[in-house]
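Encoded as C-alpha cells, the structure appears first; notes follow it.
Quick note: the coordinates plus some simple rules give every number you see, no bench work behind them. Since the model is a prediction, treat every value here as computed from it, not as a measurement. So basically every Cβ, Gly included, is an ideal-geometry build from the backbone, and we count neighbours across all protein chains shown.
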Amino acid sequence: MFAAGLSLIFGVMRLVNIAHGDFIVLSAYLGLTVVASTGMHPLLALIIVVPTMAAIGYFLQRGILNQTLGDDILPPLLVTFGLSVILQNLFLAGYSADPQKMDAGALETASVSVAGLSLGILPLLTFGIAIVVIASLQYMFFCTSLGRAFRAVSDNQDIAQLMGLNKRHMFGLAMGIALGVTAIAGILLGIRTSFDPTAGSARLIFGFEAVIIGGLGNLWGTLAGGIILGVAQTIGAKIDPGWQLLSGHIAFLIVLAIRPQGLFPRVSG
Amino acid sequence: MPDPILSLKKLDAFYGDFQALYGVDMEMAEGEVIAIIGANGAGKSTLLRSISGLMSNESDQVNFLGKGIGAHRADEIAALGLALVPEGRQLFPSLSVEENLLIGGRLNRKGPWDLQSVFDLFPVLKERRAYPSTALSGGQQQMVAIGRALMANPDLILFDEISLGLAPVIIKSIYDALPGIVGDGMSAIIVEQDISKALSVSDRVYCLMEGRVTLKGAADSISREAISHAYFGID
C-alpha cells in the first residue's frame, strides 16, 4: 500500500519521490501524536492523519515540486532527496532517536484460526485495507472524470492543458491522494512494528522493489509485488532469520532478470 | 471591421535562442475563417502554440475577446473559449474514444456541441466509442481530435495540419465536414500545407515565410503567382 502511493506519483507525474519513505514515517509520527494527545485508538487516528497528509501533499506539490518538474528528471530527484534529509532530522529533533510504537491494544495480538492456520487479525486487516484502497484507486482512475483527467495529464501534459486541465492543480491532487494512501500505510506500520526517524529509507527500497516487480504504473501489480516480496522474506526467515531481508532482495533481482519490465506492466500506446 | 475576436500585435516567439516568429500582426473578425499557409518551418505551428498558450508570450501580443492572453496558461485560455486541434492528432492513448471526447467537454461551456452532436457529425465514432483511441485509423483519430476540440464549444477553433498524413479520400471527408462546424458562427484558423484545400474553406489567407507574414488577402482574390512568391520567396 505504501508502494501504491509511490506508483501513483510515478504514474501520473513521472516523478520519483525519494522522500516517500519519510512521509510514511511522518504519518506514523503524526498518528503517534494524535493518539498520545487524544488517547483515541490508532485506527481512529486515520480520520485525522489521512486528510492532514493529503493536504500536506497537495501544498507540497503546488509549492515546491511543481517548480522542479520539467524535461529533466534530476531536479525533482534532488529536491525530494533534500526533503528526505530535512524530514529525518526534524523527526530526530522532535521525537528523539528512540524507536516508538503505537499501542492498539488487543488488536495487535488477536488471531483467528483458519483451517488449522493461525492468522493475525492485524495482518489480515492490513491486507483487507490494501485491497479496498487499491480497488478504490483503480475505480477512481478508470470510472470517474477525475481519473480520466489524471490519465489525460499523464499521457500528454501539453494537450491536457489545452483541454482546460491545470496540470499543477492535477499534480497537487495526485500527490495529495498519494500521501493520503501513504498515511494509511504509515499508521498500520506504526501499529505493527516500531519505527524511528530513519525507518523511511529502508521502507523506500521495499516500496521501489514492489513497484518495479509489479510493473510501473500498475496498481494491482504493485500489490502483487508487495505480496511476492513479503512471501519471499517470510520463506527466507524460515530458512535462517538472517536471510529475511536478503531473500526479498533476491526475489526482486530474479524478477528483474527474467522480466525487466515487471510482471504486469501497464499497457501503453 | 467590428471588434476582432483575435488580434496579434508584433508577436515574437522563441525556442530558447532561436527566434521562430518575427513581429507577426494579425486580426480576425468573429465568424471569420482564416487559412495560414507556408512551408515547413515557416512558423505556422509556432503561431498556433503561441495563441493557444502552449508557448508563453508577452501579454498584449495576443488579444482574444478583448483580453491580453499572451502570458496566460493554456488551461486558462481554453476556459475563455479557444480550442486547438493539434498537429498529429495527439489523442490520449490511455483513454477510449468516448473518454477523449468527454475530456474535451469537461469545461462545460454552453453551445451546440455535445457527445450526441459529435457522433452525428462523425457517425463512425459512435460505433467505435469504447475502443482505445490508438485502435483507430489515422482519419478516425483526426475526427476524434476535432470532436474533442468541439466538445469545449469554443468561440475560436484552431486546426493544425488536419490533412497531414491522411489519405486523400479521408481529407476530403474531413473538409466536407468543416462547413458544418464553422457554419454556425464559430471562428476558425486553419493551418494547412495543401494550399488549394486551405483556400477553398477560408475567407482570408495569411502566408508565413521564415517567421514573417509575407502575404495576406481574401481567399478568392489572391493569385497563384502571389502565393508562390510569398511561399517560396522567389519570383
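What about B:MET151, is it aliphatic (A, V, I, L, M), within 14 Å of another protein chain (Cβ to nearest Cβ) and either under 28 Å from B:ALA13 (Cβ atoms) or touching a Leu at 6+ places or on another chain (Cβ under 9 Å) (or both)? So that I can check it myself, show each step before the final result.
Working: aliphatic (A, V, I, L, M): yes; within 14 Å of another protein chain (Cβ to nearest Cβ): yes; either under 28 Å from B:ALA13 (Cβ atoms) or touching a Leu at 6+ places or on another chain (Cβ under 9 Å) (or both): yes.
Criteria met by B:MET151.
For residues that are aliphatic (A, V, I, L, M) and within 14 Å of the chain's Cα centre (by Cα), scanning just segment B:123-151, find the one that is farthest from B:LEU6 (Cα to Cα).
Our first condition is that a residue be aliphatic (A, V, I, L, M); within segment B:123-151, this holds for B:124-125, B:130, B:135-136, B:143-146, B:149-151.
Within this subset, residues satisfying the condition of being within 14 Å of the chain's Cα centre (by Cα) are B:143, B:145-146, B:149-150.
Working: B:MET143: 25, B:ALA145: 23, B:ILE146: 20, B:ALA149: 18, B:LEU150: 18 Å.
Filtering first and then ranking leaves B:MET143.
Could you list all residues from segment B:120-135 that are assigned to a helix (DSSP H, G or I) and either away from chain A (no Cβ under 14 Å) or without any contact (Cβ under 8 Å) to a residue 24 or more places away in the chain (or both)? Walk me through it before giving the result.
Residues of segment B:120-135 that are assigned to a helix (DSSP H, G or I), as a first pass: B:120-121, B:123-127, B:133-135.
If the condition is that a residue be assigned to a helix (DSSP H, G or I) and either away from chain A (no Cβ under 14 Å) or without any contact (Cβ under 8 Å) to a residue 24 or more places away in the chain (or both), then B:ASP120, B:LEU121, B:PRO123, B:VAL124, B:LEU125, B:LYS126, B:GLU127, B:ALA135 are the ones that fit.
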Inset, instruction - Assess whether A:GLY172 counts as being assigned to a helix (DSSP H, G or I) and within 14 Å of chain B (Cβ to nearest Cβ). - result: yes
Legend entry - Evaluation of B:ARG89 against (1) within 12 Å of another protein chain (Cβ to nearest Cβ); (2) assigned to a helix (DSSP H, G or I) (one fails), failing number: (2)
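Given A:THR182, A:THR193, which one is touching a residue at least 60 places away in the same chain (Cβ under 8 Å), under 17 Å from A:VAL49 (Cβ atoms), of a type in the set (Ser, Thr, Tyr) and more than 13 Å from chain B (Cβ to nearest Cβ)? Please lay out each step first, then the result.
Working: A:THR193 fails: under 17 Å from A:VAL49 (Cβ atoms).
Sole residue among the options that is touching a residue at least 60 places away in the same chain (Cβ under 8 Å), under 17 Å from A:VAL49 (Cβ atoms), of a type in the set (Ser, Thr, Tyr) and more than 13 Å from chain B (Cβ to nearest Cβ): A:THR182.
Before we move on, is B:SER117 within 14 Å of chain A (Cβ to nearest Cβ), surrounded by fewer than 23 Cβ atoms within 10 Å (Cβ to Cβ) and among the hydroxyl-bearing types (Ser, Thr, Tyr)?
On the way: within 14 Å of chain A (Cβ to nearest Cβ): no; surrounded by fewer than 23 Cβ atoms within 10 Å (Cβ to Cβ): yes; among the hydroxyl-bearing types (Ser, Thr, Tyr): yes.
So B:SER117 fails the test.
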Inset, instruction - Just give me the residues in segment B:28-49 being surrounded by 19 or more Cβ atoms within 10 Å (Cβ to Cβ), away from chain A (no Cβ under 13 Å) and on the phi < 0 side of the Ramachandran plot, in sequence order. - result: B:MET28, B:GLU32, B:VAL33, B:ILE34, B:ALA35, B:ILE36, B:ILE37, B:ALA42, B:LYS44, B:THR46, B:LEU47
Legend entry - Flag for A:ILE187 being in a helix (DSSP H, G or I) and either small (Gly, Ala, Ser) or crowded, with 22+ Cβ neighbours inside 10 Å (or both): yes
Inset, instruction - Restrict the check to segment B:136-159 and report whether at least one residue is over 27 Å from B:ASN40 (Cα atoms), surrounded by fewer than 23 Cβ atoms within 10 Å (Cβ to Cβ), in contact (Cβ under 8 Å) with a residue 12 or more places away in the chain and in contact with a strand residue (DSSP E or B) (Cβ under 9 Å, 6 or more places away or on another chain). - result: yes
Inset, instruction - Count, please, the residues in segment A:154-169 that happen to be facing another protein chain (nearest Cβ under 9 Å), assigned to a helix (DSSP H, G or I) and within 21 Å of B:ILE51 (Cα to Cα). - result: 7
Legend entry - Looking only at segment A:206-232, and only at residues there that are crowded, with 21+ Cβ neighbours inside 10 Å and outside any helix (DSSP H, G or I), the one that is farthest from the chain's Cα centre (by Cα): A:GLY215
Legend entry - Cβ pairs under 7 Å, 6+ apart, first in segment B:169-196 and on the phi < 0 side of the Ramachandran plot, second among the acidic types (Asp, Glu): B:MET186/B:ASP155; B:SER187/B:GLU30; B:SER187/B:GLU32; B:SER187/B:ASP155; B:VAL191/B:ASP160; B:VAL191/B:GLU161; B:GLU192/B:GLU161; B:GLN193/B:GLU161
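Take segment B:2-16 and flag every residue that is within 24 Å of B:ILE157 (Cβ to Cβ) and not in a strand (DSSP E or B).
Step one: list which residues in segment B:2-16 are within 24 Å of B:ILE157 (Cβ to Cβ), which gives B:2-9, B:11, B:13.
Listed by number, the residues that qualify are B:PRO2, B:ASP3.
Filter segment A:177-220 down to the residues that are basic (Lys, Arg) and touching a Leu at 6+ places or on another chain (Cβ under 7 Å) and list them by number.
Once the filter is applied, which keeps residues that are basic (Lys, Arg) and touching a Leu at 6+ places or on another chain (Cβ under 7 Å), segment A:177-220 yields only A:ARG192.
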Inset, instruction - Report yes if B:GLY165 is more than 14 Å from every other protein chain (Cβ to nearest Cβ), touching a residue at least 60 places away in the same chain (Cβ under 8 Å) and out of contact with any Phe, Trp or Tyr (no Cβ under 9 Å at 6 or more places or on another chain), otherwise no. - result: yes
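Kindly evaluate B:LEU95 against the criterion of being under 22 Å from B:GLN193 (Cα atoms), touching a Pro at 6+ places or on another chain (Cβ under 9 Å) and not polar (S, T, N, Q). Give the derivation first.
Values: under 22 Å from B:GLN193 (Cα atoms): no; touching a Pro at 6+ places or on another chain (Cβ under 9 Å): yes; not polar (S, T, N, Q): yes.
No: the conditions fail for B:LEU95.
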